[in-house]
Amino acid sequence: MEKAFPFLMLVFRPILFVLFQAIIAVALLALGNGSPWKTSQGYWVVSALFANVPTYLALRGLLRKEGVRYFDGVRFTKSLWWHDLLIAGGLFLLAGPIAMLPNTMIANALWGGPEASYHLFFRKIPLWIVCIGFVWPITQGLVELPAYFSYCMPRLERILKNGWLAWAVSSFFLAFQHVALPAIFDGRYLLWRLGMFLPFAFFVGLCLKLRPRLFPYLMIAHGLVDVPVVAMLLFVK
C-alpha cells in the first residue's frame with residue numbers, strides 16, 4: 001500500500017482543486033448566484049489556498065510514517081551557500097521566459113491572441129478575497145515543489161527503478177495539476193493550461209534532480225513569482 005502513496009500524491013492536488021471549487025460553487029448557489037460553477041472559476045486563488053492545507057498535512061503525515069521531518073529534504077546547506085544562491089538566481093532568470101513564452105504562444109495558436117485565455121483566468125472577484133489570496137503564494141512555496149520533487153520523485157525512482165522516468169512523471173504531474181485550477185471543461189483551455197506549464201515543470205524538476213540543495217532557494221522563488229499573479233486580480237475590470 002505504501003508504494004501507492006507517491007502515485008496518489010501525483011493526482012491529489014488537482015482533485016483538491018476541483019473539490020474546493022465545487023464547495024465554493026455550492027456556497028455561491030446557496031447565496032443565490034445564478035451561475036455558481038462559472039462564478040466559482042474566478043475564485044481559483046481560494047481553491048488553491050485551501051488545497052495547500054491538506055497537501056501540507058498529507059505530506060507531513062506520510063513523511064512522519066517514514067520517520068522523516070517535513071523540511072529534512074529542503075534545508076539550506078551552509079557550505080558554499082553563496083554558490084547555490086548565485087546558481088539559483090541564474091536559473092530563476094532563465095526560468096522566466098521558459099514559464100512565460102509557452103503561455104502566449106499556445107494562447108495565440110488556440111485563440112489567435114492572449115485575450116481569451118486572460119479573461120478565462122483573471123476575473124473580477126471581491127477585493128477582500130484578493131487580499132486573502134496573497135497568503136496563497138506563501139503556502140504555495142511551502143508545498144508544491146516538495147510534493148512533487150521532494151516526496152514523489154525520489155520514491156518513484158525507487159519504485160520504478162529509473163531516476164529519469166521518475167523525474168519525467170513528477171514533472172508532468174506538476175504541470176498537469178494546473179488543468180484543474182480553475183476547473184473549466186473546455187478542450188482548448190485544458191490544452192493551454194497543460195502546455196503552458198510543461199516546459200517550466202520539466203526545467204524545475206531537472207534543476208532539483210541534478211542539484212537538490214537548490215530546493216530552499218527555488219521554493220522561495222516559486223512563492224515570490226506567484227505574488228504578481230495574485231496582484232493582477234486587483235486590476236481586473
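The values are calculated or read from the model by the stated rules, or taken from the named source; none is laboratory data. Values in this document were obtained by computation on a predicted structure and should not be read as measured data. We place every Cβ from the backbone using ideal geometry, glycine too, and count neighbours over all the protein chains shown.
Data for the structure
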{"read-out": "Residues within segment 168-198 that are among the small types (G, A, S), touching a residue at least 40 places away in the same chain (Cβ under 8 Å) and out of contact with any Cys (no Cβ under 8 Å at 6 or more places or on another chain), tallied", "value": "3"}
{"read-out": "Matching residues, segment 184-237, being in a helix (DSSP H, G or I), under 29 Å from D72 (Cα atoms) and among the basic types (K, R)", "value": "K209, R213"}
{"read-out": "Elements of type helices (runs of 4 or more DSSP H) contained in segment 1-114, each with 3 or more residues being under 25 Å from L214 (Cα atoms) and either modelled with pLDDT under 90 or among the polar types (S, T, N, Q) (or both)", "value": "81-111"}
{"read-out": "Qualifying residue in segment 131-141 (condition: under 20 Å from the mean Cα position of the chain (by Cα), more than 16 Å from H222 (Cβ to Cβ), assigned to a helix (DSSP H, G or I) and of a type in the set (S, T, Y))", "value": "no"}
{"read-out": "Pairs, first surrounded by fewer than 16 Cβ atoms within 10 Å (Cβ to Cβ) in segment 215-237, second outside any helix (DSSP H, G or I) and modelled with pLDDT of 90 or more, C-beta under 6 Å, six or more apart", "value": "M232/F122; V236/F122; V236/K124"}
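One line per residue, one yes/no per condition, for (1) without any contact (Cβ under 8 Å) to a residue 12 or more places away in the chain; (2) out of contact with any Pro (no Cβ under 8 Å at 6 or more places or on another chain); (3) closer than 27 Å to D186 by Cβ; (4) exposed (fewer than 12 other Cβ atoms within 10 Å of the Cβ):
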{"position": "T39", "(1), (2), (3), (4)": "no, yes, yes, no"}
{"position": "V53", "(1), (2), (3), (4)": "no, yes, no, no"}
{"position": "D84", "(1), (2), (3), (4)": "no, yes, no, no"}
{"position": "A88", "(1), (2), (3), (4)": "no, yes, no, no"}
{"position": "F92", "(1), (2), (3), (4)": "no, yes, no, no"}
{"position": "A95", "(1), (2), (3), (4)": "no, yes, no, no"}
{"position": "P102", "(1), (2), (3), (4)": "no, no, yes, no"}
{"position": "A109", "(1), (2), (3), (4)": "yes, yes, yes, no"}
{"position": "G112", "(1), (2), (3), (4)": "yes, yes, yes, yes"}
